[in-house]
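Working notes, structure below.
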Amino acid sequence: MSQELIERAKTIMRENDKGGYTVPTRGLYPFQWNWDSCLSALGFAHFDEARAWREIETLFAHQWEDGMVPHIVFHAEDEGYFPGPSVWETGRSTPTSGITQPPVAGFAVRRLYDRASDKALAEAKARALLPKIAAWHDWFFATRDPDKTGLVAIIHPWESGRDNSVDWDAALDRVPTEGVMPFSRRDIDHANPEHRPTQAQYERYIWLVQHFRRLAWDNAKLHDASPFRVVDPGFNAILIRSSSDLAELAQALGEHGLEARARQQAAAGVAALERLWSEELGQYRCFDRAVSRFVESPSVGGILAAFADIPLARRKALAKRIADLGERAQFVVPSHDPATSVYDGKRYWRGPVWLIVNYMIADGMARSGDHATLRRIVDDSLRLIELGGFAEYYDPISGEPCGGDCFTWTAAMVIEFLTHMGGPT
Ligand code: DGY
């Protein structure tokens, strides 16, 4: 069974391979997405190491001069996606979007390097990527943490990767819609509209894009000028984990200057993350920097913090939280708590289970030796695949596959679960 699943996963990855980069899925997402590529590279590494490195190299070939790595690279024209390059107008020769995404590259590159069978190739590739990833991290701390709090803010819900999470509702409500260009969405031609963000959310997403475009995508201005500035524990945990993985990689490669800086960034992040802990929710929660207010929202962003090297007591509390969620859902880890009135089990990030998030949480649990939580997450993830195929996300109660189909990173995570995380019980 495992081998058959691995073969199906490889087939999906090959079918979505455009040569040098993969699309997340055909139709709905026809370009290269940042964190999709980094996590998908882990899947490629199981059957083609050179191809795995190439996925990340292609992404970094489009890094901006200021260090930002954009969330989408528009390698080819495709009218089937909105908003395309003419909406972003970032002025790049190969068009890109103008915002970023969860910085998982440092983690992915260290993992590729540590597991590589072709050590010479891995060393050359990691050595070339190391300063680029460090520049991206420096960019985050310079432009998204101007007051040096140790934590960075996102300025658009799309940056979080958790586009329509309940976490953003109050902040997004403050984003105006006056002057938004008329547009027709394309996502709902490819996926069930009930599984996607609402029109009201899209209008605000596009308002923010137009606002940043008017500021000529100048990252020295965007943070302070954005009405949407939220500190997300999940996003920061990914940055912290990537920083500590980058430090390990830099140490292995004898790059001691980069190592020291990355270690310092990770340590400052871990200390600052503590401010986002909520005793009441039993997990971390977001902070709305624009109005200096915590967002008391029990979403998976606050559980994803387990991916960083947080204190053991916090990891244990998060494991308890997952166990509690597991009483209310058939499949963990739901992206929002099913006990709340705003939970929606099929609507993108307002309830559904995502395998990439499960993978990162499971990895954090493995690091603290919590094999029971790891087991529950891996078992539930593999059951979802067996029941519903390689979907974008799944209803945590019914297991119904939702959103897009034949997803690259879902396939990559299945390969990882089966080969590195204990496989099926
Ligand atoms: C989309 O178009 O839905 C993406 O999540 C934006 O990156």
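Details
- Residue check, VAL333 within 25 Å of LEU239 (Cα to Cα), assigned to a helix (DSSP H, G or I) and of a type in the set (A, V, I, L, M, F, W, C): no
- Residue in segment 39-54 that is crowded, with 24+ Cβ neighbours inside 10 Å, more than 14 Å from VAL109 (Cβ to Cβ) and at pLDDT 95 or above present: yes
- Restricting attention to segment 385-411 and to residues that are over 15 Å from SER2 (Cβ atoms) and in a helix (DSSP H, G or I), the residue that is most open to solvent (accessible area, probe 1.4 Å) turns out to be LEU387.
- The requirement of being crowded, with 22+ Cβ neighbours inside 10 Å and either hydroxyl-bearing (Ser, Thr, Tyr) or assigned to a loop (DSSP other than H, G, I, E, B) (or both) is fulfilled nowhere in segment 76-95; no residue meets it.
- Count of segment 145-159 residues, restricted to those that are part of a loop (DSSP other than H, G, I, E, B) and either in contact (Cβ under 8 Å) with a residue 12 or more places away in the chain or not basic (Lys, Arg) (or both), is 10.
- Close Cβ contacts (under 9 Å, 6 or more residues apart or on different chains) running from residues in segment 26-38 that are assigned to a loop (DSSP other than H, G, I, E, B) to residues that are β-branched (Val, Ile, Thr) and within 11 Å of the ligand (Cβ to nearest atom) comprise PHE31/ILE72.
- Contacts under 6 angstrom Cβ, first residue in segment 52-81 being without any contact (Cβ under 8 Å) to a residue 60 or more places away in the chain and away from the ligand (no atom under 14 Å from the Cβ), partner of a type in the set (A, V, I, L, M) and not in a loop (DSSP other than H, G, I, E, B), 6 or more apart: GLU55/ALA41; HIS62/VAL73
- So THR143, is it under 27 Å from TYR202 (Cβ atoms), of a type in the set (Val, Ile, Thr), out of contact with any Phe, Trp or Tyr (no Cβ under 8 Å at 6 or more places or on another chain) and more than 16 Å from the ligand (Cβ to nearest atom): yes
- Residues of segment 161-191 classified as within 12 Å of the ligand (Cβ to nearest atom) and either under 24 Å from ARG26 (Cβ atoms) or without any contact (Cβ under 8 Å) to a residue 60 or more places away in the chain (or both), total: 10
- If the condition is being buried (at least 16 other Cβ atoms within 10 Å of the Cβ) and of a type in the set (Val, Ile, Thr), then segment 150-179 contributes VAL152, ILE154, ILE155, VAL166, VAL175.
- Residue list for segment 202-229, restricted to those being in contact with an Asp or Glu (Cβ under 8 Å, 6 or more places away or on another chain) and of a type in the set (S, T, N, Q): ASN219
- Some residue of segment 177-185 being closer than 30 Å to GLY399 by Cβ and in contact with a strand residue (DSSP E or B) (Cβ under 8 Å, 6 or more places away or on another chain): no
- Leading residue by the ranking (surrounded by the most Cβ atoms within 10 Å (Cβ to Cβ)) among those in segment 96-120 that are over 23 Å from the mean Cα position of the chain (by Cα) and among the aliphatic types (A, V, I, L, M): ALA116
- Test: LEU382 is open to solvent by less than 20 Å² (accessible area, probe 1.4 Å), over 21 Å from ARG241 (Cβ atoms) and over 18 Å from the mean Cα position of the chain (by Cα): yes
- Residue match in segment 121-144 (condition: surrounded by fewer than 22 Cβ atoms within 10 Å (Cβ to Cβ) and in a loop (DSSP other than H, G, I, E, B)): no
- Filter pass, GLU416 being touching a Ser or Thr at 6+ places or on another chain (Cβ under 8 Å) and open to solvent by less than 10 Å² (accessible area, probe 1.4 Å): no
- Any hit, segment 15-34, residues being crowded, with 19+ Cβ neighbours inside 10 Å, more than 30 Å from ALA262 (Cβ to Cβ) and touching a strand residue (DSSP E or B) at 6+ places or on another chain (Cβ under 7 Å): yes
- Taken across segment 331-346, residues that are open to solvent by 10 Å² or more (accessible area, probe 1.4 Å), touching a residue at least 60 places away in the same chain (Cβ under 8 Å), of a type in the set (A, V, I, L, M) and over 18 Å from SER278 (Cα atoms) do occur, with at least one present.
- Sole exception among (1) on the phi > 0 side of the Ramachandran plot; (2) open to solvent by 30 Å² or more (accessible area, probe 1.4 Å) for GLY67, by number: (2)
- Helices (runs of 4 or more DSSP H) contained in segment 197-279 and holding at least 2 residues over 16 Å from ILE155 (Cβ atoms) and either of a type outside the set (S, T, N, Q) or within 16 Å of the ligand (Cβ to nearest atom) (or both): 199-214, 233-252, 256-273
The values are calculated or read from the model by the stated rules, or taken from the named source; none is laboratory data. Given the structure is predicted, the values throughout are model-derived calculations rather than measurements. Cβ coordinates were reconstructed from backbone atoms using ideal geometry, including for glycine residues, and neighbour counts include every protein chain displayed. Just so you know, the surface numbers come from the protein's heavy atoms only, side chains and all, with ligands and any DNA or RNA stripped out. Shrake-Rupley method; radii C 1.70, N 1.55, O 1.52, S 1.80 Å.
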